[in-house]
Amino acid sequence: MWWSSRQLLLAGACALFAACGFEPVYGPPAQDAALGPVTLIAPASQEGFAFRESFEARVPRGAGTAQRLEVSLSFKQRARVIQRDNSITRFNLTGTTKYTLLTEAGEVARTGSVQSTTEYSATANAFATQVAARSARDRLARDMGEKLALRLAALGAGS
C-alpha cells in the first residue's frame, strides 16, 4: 500500500509539471508558433549576423511566400565615466532596431523599434577596449533580436 501511494504522488507531480508548461532545462528551445514563418532581411554585418541568429532561434525561418521582416540596426556610444585626467574608462552603448513587417502580399503589417543598452569598460590596452566594444555590440544585437521576436509574438505579428 505504501508503495502505491508513492507512485500516485509521482504521477500527480508529473501531471502538475505537464500542466504548468514545465520544459526540460537542456531540451531544445520552443519556437513561437503564433508568429509563423518570417523571412528576415538584416544588415550584412557582424551585428546583423548576431541579430539574425538570436531572432531565428525564436521564430521559424520563412520559405517562399512567408512574411518579410526588414530591420535596420543603429548604435550610439556615450562616455559614461570620465576620470580627472579626461580619460574615459566606461562607455554606455545604446542599440536601436527599427523594423517593418510586411505581409505575404507586400503590405505593411507592423512597424516599430526595439531598444537596448549595455556598457563596457575601456582599458589602457587599445586592443582590449576594441574587443570589449565589439562584444558589447554583439550582446546588444542578440538582445534586440530576442526582444523583437518576443514583441512580434506577443502582438500576434501580422494579425
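No value in this document is a laboratory result; all are computed from the given coordinates. In this text, all values refer to a predicted model and were calculated from it rather than measured experimentally. Cβ sites come from the backbone with ideal geometry, for glycine too, and all protein chains shown count toward neighbours.
Taking trypsin sites (Lys or Arg not before Pro) across region 55-129, the ones in a DSSP loop with at most 16 further Cβ atoms lying within 10 angstrom of their Cβ are R84. Find out how many positive minus negative residues lie around S72, taking Lys and Arg as positive, Asp and Glu as negative, among other residues whose Cβ is under 12 Å from that of S72. Net local charge, S72 excluded: -1. Between V108 and F75, residue separation times 0.36 nm minus the direct Cα-Cα distance comes to 9.4 nm. Taking each residue as 0.36 nm, the span from R84 to R139 lengthens on full extension beyond its C-alpha to C-alpha distance by 16.8 nm. Show log10 I(q)/I(0) for region 57-131 at q = 0.13, 0.19 Å⁻¹, two decimals, from a solvent-free Debye sum over equal Cα scatterers. Taken in order of the listed q values, log10 I(q)/I(0) reads -0.60, -0.84.
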